[in-house]
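Asker: Mind looking over this structure? Questions follow.
The values are calculated or read from the model by the stated rules, or taken from the named source; none is laboratory data. A quick note: this is a predicted structure, and the numbers were derived from the prediction, not measured. So basically every Cβ, Gly included, is an ideal-geometry build from the backbone, and we count neighbours across all protein chains shown. What goes into the accessible areas is simple: the full protein's heavy atoms, side chains included, and nothing from ligands, DNA or RNA. Shrake-Rupley method; radii C 1.70, N 1.55, O 1.52, S 1.80 Å.
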Amino acid sequence: MLQAKKDVLVPLIRERKKVKEGRLSQAKEKRDQEEKHEQVLCYVDTLLDLQLPEERRNLDEEEMVSLCSEFLNAGTDTTSTALQWIMANLVKYPESQERLLTEMKGVMLMMKEEDALIIEEDDLQKMPYLRAVILEGLRRHPPSHFVLPHAVTEEDTILDEFLVPKKNGTINFMVAEMSLDPKVWNRSDGFQTRKVFEGSSV
């Protein structure tokens, strides 16, 4: 698996390194002229510039492959998993699917009248039920079940009758549990797009 990642990512990293080195070796006049045009800075550029302070060296290719792989997985796995759960919920709750389809058809009909060929980001504002479906999907199946741990920094603190000590005291917020709390969500196990759509307080 690691070799497969290297086979894909190492040539891309090396090619980007060549582009970066080529840019640095150009004459100053040409560089100044290019700077007038917007230059794209990519993630690999930041890794090529990164130095490990304790070892006083740049990252090697294997370290860059590992970081690029983590970056790509974190950005795609969470999104694809969330979309899969949303689609599964639409299959499970056909009334939500029907309402969403009706909303989308209405927007497409308006676009046809305006001679628009593709859905733009601005068109999403015309689909509030789509937003409700996405938010409800994320409530029921958050991509991450925890947020970053929190700690007390100044002194021992009482939080809802619980002592949180300054020394070695951390708090973890369990996002998935909070979003399924039956004290807050009536029928917490259902797909409650109506509650989100109507702008209820929770």
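Asker: Quick check on the chain: helices-only [θ] at 222 nm, where DSSP H runs of length 4 and up contribute -39,500 (n - 2.57) each and the sum goes over total residues. Nearest 500, please.
Answerer: So the calculated ellipticity at 222 nm is -18000 deg cm²/dmol.
Asker: Return the distance in nm (one decimal) between the two label points of a simple spin-label model at Thr102 and Ser80, each offset 7 Å from Cα along Cα→Cβ.
Answerer: 3.4 nm
Asker: Could you pull out every one of the aspartates and glutamates with an alpha carbon less than 16 Å from that of Lys92, ignoring same-chain neighbours closer than 8 positions?
Answerer: Glu136, Asp189
Asker: Just the accessible area per residue of the stretch 59-202, please: how many Å² with a 1.4 Å probe?
Answerer: 73 Å²
Asker: Please compute the modelled spin-label separation between Lys166 and Val152, points set 7 Å along Cα→Cβ, answer in nm with one decimal.
Answerer: That separation, rounded to one decimal, is 0.9 nm.
Asker: Give the peptides 47-55, 80-88 in descending order of average Cβ contacts within 10 Å, highest first.
Answerer: 80-88, 47-55
Asker: How many percent of the accessible area of the stretch 56-202 is carbon or sulfur, using a 1.4 Å probe?
Answerer: 58 percent
Asker: If each residue of separation counts as 0.36 nm, what is the full-extension length gain between Ala116 and Phe71 once their alpha-carbon separation is subtracted?
Answerer: Roughly 12.7 nm would be gained on extension.
Asker: Among the trypsin sites (Lys or Arg not before Pro) in the stretch 47-94, which ones are in a DSSP loop with at most 10 other Cβ atoms within 10 Å of the Cβ? Mind listing them?
Answerer: Here the trypsin sites (Lys or Arg not before Pro) that fit, given the DSSP loop and packing criteria, are Arg56.
Asker: State, to one decimal in nm, how far the label point of Met174 lies from the label point of Glu54, with both points 7 Å from Cα in the Cβ direction.
Answerer: According to this spin-label approximation, the distance is 3.4 nm.
Asker: The list [x] 1.18; [y] 1.48; [z] 0.98 gives values of Cα Rg over 2.2 N^0.38 Å, and only one came from this structure; which label was calculated from it?
Answerer: [y]
Asker: Under 15 Å from the Cβ of Val91, count the other residues' Cβ atoms, weight Lys and Arg +1, Asp and Glu -1, and hand me the total.
Answerer: Summing Lys/Arg as +1 and Asp/Glu as -1 gives 0.
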